[in-house]
1. When residues of the range 112-151 are filtered for being at pLDDT 90 or above and of a type in the set (D, E, K, R), how many remain?
2. Only one residue in THR163, THR194 is among the polar types (S, T, N, Q) and within 31 Å of the chain's Cα centre (by Cα). Which one?
3. Which residues, taken from the range 73-112, are buried (at least 17 other Cβ atoms within 10 Å of the Cβ), of a type in the set (A, V, I, L, M, F, W, C) and under 17 Å from ALA61 (Cβ atoms)?
4. Among the listed residues ALA156, ALA169, ALA130, ALA179, identify the single one that is of a type in the set (Gly, Ala, Ser), touching a residue at least 12 places away in the same chain (Cβ under 8 Å) and within 30 Å of ASP60 (Cβ to Cβ).
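The values are calculated or read from the model by the stated rules, or taken from the named source; none is laboratory data. Nothing here was measured: the structure is a model prediction, and the numbers come from that model. Cβ coordinates were reconstructed from backbone atoms using ideal geometry, including for glycine residues, and neighbour counts include every protein chain displayed.
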Amino acid sequence: MRFAGDEFSLSGLPPGQVSVKVREGAHGAGSAELTLTAGETADVTVSLAEKLPVALTMLDANTRRPIAWARIAAAGVEGERADAAGNAVVYFEAGEHQLSIEADGYTALALAVAAGQPAQAELQPVKPLAAGGVGISWTGDRSRCVVGRPLDGGPAALAGIRTNDIIYAVNGISVQGSASAAELIRGPVGKPVTLLVRRDGAAMSFTLVRVELSALQKPSPP
């Protein structure tokens, strides 16, 4: 509830212990407890402790550029965001406090701050996952998805994919030529991809985990 001045009243409270918490704007807060009996009216005194500002600056840890609209969370702090220049001010009671700061494209940061002292939050950009594959070379006919030779030691070779296998779908998507198949097969290292293969008229399915292709050997000569 909101009230003006230094008095307020509540009705309909059940008998027993009652906890009262009061906040004055963003700069003061306090609490008190009292025990009520049925029909009793009681006075309660709540001492408000002054809250001190913490001026925050959100920066990219690599470029030192400000990070706009970062989200700030802590006990008693909800819905706070940095502005377009990467700055924010939050208020705390005296002492140290833990903040959690998040921003799109960055790793979340836990930051200890002291009330009344400015602080910088340096967030690390999330590293994009490297593009990988399964180690397949294609025949010269690009209009078809015919395996030329699997790369030695690659996921395709280790799973048993062979020369002249025909790949007709990748992750459930039908493919016509090797260019479209290769585009669908490429993806984040460590993530799976499922290939539907036709070999001598028989349909087969292979689920492979993508790897960095630079680590694979080139196909062995026939």
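1. 1
2. THR194
3. Residues satisfying the conditions are ALA82, LEU99, ILE101, ALA103, LEU109, LEU111.
4. ALA130
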